[in-house]
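Undergrad: Please read through the structure below; I'll follow up with questions.
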Ligand code: MEV
């Protein structure tokens, strides 16, 4: 029996532009998804994911990936199918997941569950994979399920920490930082990432040079952000976030609710705030040094947001326990 866990993520700079080959900066969030697996001696895959809204789900190995899959099991099932294609086994497994995520906040529970499950599998069968190999196994499963995505969330779940990332893990560089003075506010609205990514792609198809120019500007901000983070120059990081938000607004992925929380944070003394992720809802982040932490948090709450207490720069995927049964 093996238990592994992986963290969620928050995108600091480079949302959407990362899908088009530009870099981004992402940090791992210490809300973890835990997956426990054991061999079941049968020809079946059994999943229990009560925190993801699924009590019990069973399929034979031959049926994996077939028929409409419940959303909460898609990533796990496709990953398992991909894994068995490469490493066939003569028996199935039981899988149980446990989530620390407050559901709906967009911290990346699907990437975390995929990565934690993949780590548990390779550990159960004692298969040595590098982080790059683990990444590509997981990224393939994510593409099977949602068709789009840069894989930055998979990288954050695997490597952890704060990363400078170019898709698909062409560059993964750990930025050595001690802290990140950010406040995270949830809009209360769940956004659908693949839909927003496809929406940007459709707009870009119509206004190619305009969008390419926005992506190139965002790319510049990420390059500056990388240096600024190394120097821990928070004021400048705030300015870069503010500028990135205006590019994201030009990409038409911000929303009234996000704008309201972002404006409130900046008026209360944040050096810069932006949406984090696909936009359309989910979370915003505000740079807030200790002198303004309270005022910025209160302003976000007063504007209708829910401040999330999360710790950033968290550890990547890890095996929690491994026992013979
Ligand atoms: C979504 O959280 C971030 C996007 O850049 C999509 C992706 O990189 O996969 C919008």
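Undergrad: Which FRET efficiency value, to the nearest 0.05, is calculated for residue 315 and residue 205 with the Förster distance at 30 angstrom and r the Cβ-Cβ distance?
TA: After rounding to 0.05, the efficiency reads 0.15.
Undergrad: How many nm separate the modelled label positions at residue 86 and residue 123, each set 7 Å beyond the Cα in the direction of the Cβ?
TA: For residue 86 paired with residue 123, the spin-label model returns 1.8 nm.
Undergrad: Ranked highest first by average number of other Cβ atoms within 10 Å, how do 39-49, 261-271 line up? Write down the numbers at each step before the final one.
TA: Details: 39-49: 16.9, 261-271: 22.3.
Highest to lowest by the protection proxy: 261-271, 39-49.
Undergrad: Measure off 7 Å from each Cα along the Cα-to-Cβ vector at residue 289 and residue 100, then give the distance between these two points in nanometres to one decimal.
TA: 3.0
Undergrad: Once the Cα gyration tensor of segment 172-325 is diagonalised, what are the square roots of 5 times its eigenvalues, in whole Å and ordered largest first, as equivalent ellipsoid semi-axes?
TA: Semi-axes, largest first: 25, 22, 19 Å.
Undergrad: Return 215, 107 ranked ascending by Cβ neighbour count within 10 Å, so the fewest neighbours appear first.
TA: 215, 107
Undergrad: Once the convex hull of the alpha carbons of the chain is built, what does its volume come to per residue, in cubic angstrom?
TA: 124
Undergrad: For residue 30 and residue 55, what does the FRET efficiency come to when R0 = 45 Å and r is the distance between their Cβ atoms, rounded to the nearest 0.05?
TA: FRET efficiency, residue 30 to residue 55: 0.95.
Undergrad: How long is segment 35-155 along each principal axis, judged by its Cα atoms, biggest number first, in Å?
TA: Cα spread of segment 35-155 along its principal axes, largest to smallest: 37, 33, 26 Å.
Undergrad: How would you rank 241, 199, going from fewest to most other Cβ atoms within 10 Å of each one's own Cβ?
TA: So the residues, fewest neighbours to most, are 199, 241.
Undergrad: Under a crude label model (7 Å from the Cα following the beta-carbon direction), how far is residue 306 from residue 213 in nanometres?
TA: In this crude label model, residue 306 to residue 213 measures out at 4.0 nm.
Undergrad: In addition: Below 8 Å between Cα atoms, with a sequence gap of 6+, how large is the relative contact order for the chain in percent?
TA: Details: 725 pairs, mean separation 86.8, N = 325.
Reported as a whole number, the value is 27 percent.
Undergrad: Please give the length that would be gained between residue 1 and residue 178 if that part of the chain were fully extended, namely 0.36 nm times their separation in residues minus their C-alpha to C-alpha distance (nm, one decimal).
TA: Contour length minus the Cα-Cα distance gives 60.3 nm.
Undergrad: Starting with the fewest neighbours, write out 229, 84, 64 ranked by other beta-carbon atoms found within 10 Å of each beta-carbon.
TA: Going from sparsest to densest Cβ surroundings: 84, 64, 229.
Undergrad: From the C-alpha coordinates alone, can you work out the Kirkwood hydrodynamic radius of segment 118-258, in Å? Let's see the in-between values first.
TA: Working: mean 1/r = 0.0576 Å⁻¹.
Roughly 17.4 Å, rounded to one decimal.
Undergrad: Can I ask one more? For an R0 of 30 angstrom, estimate the FRET efficiency from the Cβ-Cβ distance between residue 66 and residue 252 and round to the nearest 0.05. Show your work: numbers first, answer last.
TA: Details: r = 37 Å, r/R0 = 1.24.
Working from the Cβ atoms, E equals 0.20.
Readers should treat all values here as calculations from the given coordinates under stated rules, not as data from a laboratory. Note that this is a predicted model, so its numbers are computed, not measured. Using ideal geometry, Cβ is built from the backbone for each residue, glycine included, and neighbour counts are taken over all protein chains shown.
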